[in-house]
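The values are calculated or read from the model by the stated rules, or taken from the named source; none is laboratory data. Computed from a predicted structure; not experimentally measured. Every residue, glycine among them, receives a Cβ derived from its backbone with ideal geometry; neighbour counts consider all protein chains shown. Each accessible area value is taken on the protein alone, full model and side chains, heavy atoms only, with ligands, DNA and RNA left out. Shrake-Rupley method; radii C 1.70, N 1.55, O 1.52, S 1.80 Å.
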Amino acid sequence: MPLAGVALAPLLVSPLAPYSPRRSGVATARRPSDLRRARCSATAASGEAGELSRATLLWRAAKLPIYSVALVPLTVGSASAYHHAGLFFAKRYFILLAAAILVITWLNLSNDVFDSDTGADKNKKESVVNIIGSRAVTQNAAIVSLLLGFAGLFWAFAEAGDARFIFLVMCAIFCGYVYQCPPFRLSYQGLGEPLCFAAFGPLATTAFYFSNSSVNISSRTALLPLTKTVIASSVLVGLTTTLILFCSHFHQIDGDLAVGKMSPLVRVGTEVGSRIVVVAIAMLYILLAAFGICKALPSACTVLCALTLPVGKLVVDYVLKNHKDNAKIFMAKYYCVRLHAMFGIALASGLVLARNGILA
């Protein structure tokens, strides 16, 4: 059953982490007085006193909640394959999960390296480069993580025998590269959100669906067809993932401006940005209903995903109330992570239940 990895999601998202500057793009570079106020506010919010402990810095540097973006596309893609053809390969699933986590680790570490190069992370204590005191070690660890991730991905490709899988997953990784790495750095042009949507939605989710093709059925390759169910599922996954990135910009507008990063919130401001979040959440559930009505998604998905409405409302209420408060709004991305994980769990669960004749 492709719900095996879903049980890991609460471990990734339950502890809402204290303040952690955005993992991708260029981190905030504040004036000393602003930085001191932000530190004091974050300390008060998390119940800490004085200087942050090394354990706290390591927790923030690890960014464990963000790894739900590796878990959800894989689980939803695998559930889509199970829903369509009853196919699920547990060994392949867990190796792909490890590979996806390694690729996300590469994204996080390389982002810290490039932010260190630009000076954007000069005052970011939880930067991995600042914690270990070595750019070279961090960069080497990022490269090793990527190579190990590639090993897992190509092993899965050999097992599946479906070139569409490896092509789409490499396109997703390329989106991550041009988002943050020189000479592209498309995040500076405000293109991070479209790249995020494409990478984790249509590309990664559909790729992981194709990873469940098999060369062992009837001694020949059995390729999964592209279905409206996996397309609909990938759009919803892409939308919830993009919300995480968008909300991570709220408290970083000053820092983004200082380094010339024209994120969407730099362009429109927090007031308009908070309304965009409202529209995005509304669109998420409107699309869910539309996909259910046109039978792109089974009824089980519609019912279970609708149960996440309170979490969606929590995101909306929090952003509308706190979008001007840098000491609080950084938590918005973690509420979005929670919505992303819970919505993904509901979506995958609905696909599995429908395959077994429940609310099909």
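Of all residues in the range 322-353, those that are at pLDDT 90 or above and in contact with a His (Cβ under 6 Å, 6 or more places away or on another chain) total 1. Looking only at residues in the range 308-322 that are closer than 15 Å to HIS251 by Cβ and free of Cβ contacts under 8 Å to residues at least 60 places away in the same chain, which one is least open to solvent (accessible area, probe 1.4 Å)? Among residues in the range 308-322 that are closer than 15 Å to HIS251 by Cβ and free of Cβ contacts under 8 Å to residues at least 60 places away in the same chain, the one least open to solvent (accessible area, probe 1.4 Å) is ASN322.
Okay, residues lined up against (1) closer than 18 Å to LEU284 by Cα; (2) in contact with a Ser or Thr (Cβ under 6 Å, 6 or more places away or on another chain); (3) aliphatic (A, V, I, L, M):
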residue: ALA199; (1), (2), (3): yes, no, yes
residue: ALA204; (1), (2), (3): no, no, yes
residue: PHE210; (1), (2), (3): no, no, no
residue: THR241; (1), (2), (3): yes, no, no
residue: GLY260; (1), (2), (3): no, no, no
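Note on the range 123-179: among residues that are part of a loop (DSSP other than H, G, I, E, B) and surrounded by fewer than 19 Cβ atoms within 10 Å (Cβ to Cβ), the one that is modelled with the lowest pLDDT is LYS125. Checking ALA258, ALA198, ALA282 one by one, the residue that is free of Cβ contacts under 8 Å to residues at least 24 places away in the same chain and either over 16 Å from GLY344 (Cβ atoms) or open to solvent by 30 Å² or more (accessible area, probe 1.4 Å) (or both) is ALA282 and no other. Per the conditions (1) at pLDDT 95 or above; (2) buried (at least 24 other Cβ atoms within 10 Å of the Cβ); (3) out of contact with any His (no Cβ under 8 Å at 6 or more places or on another chain); (4) hydrophobic (A, V, I, L, M, F, W, C), the sole criterion not satisfied by CYS247 is (1). Pick from VAL268, VAL235: which is without any contact (Cβ under 8 Å) to a residue 12 or more places away in the chain, closer than 19 Å to GLY192 by Cβ, open to solvent by 20 Å² or more (accessible area, probe 1.4 Å) and in a helix (DSSP H, G or I)? Only one candidate passes the filter, namely VAL268. Looking only at residues in the range 251-265 that are of a type outside the set (Ser, Thr, Tyr) and either part of a loop (DSSP other than H, G, I, E, B) or touching a His at 6+ places or on another chain (Cβ under 6 Å) (or both), the one that is modelled with the highest pLDDT is LEU265.
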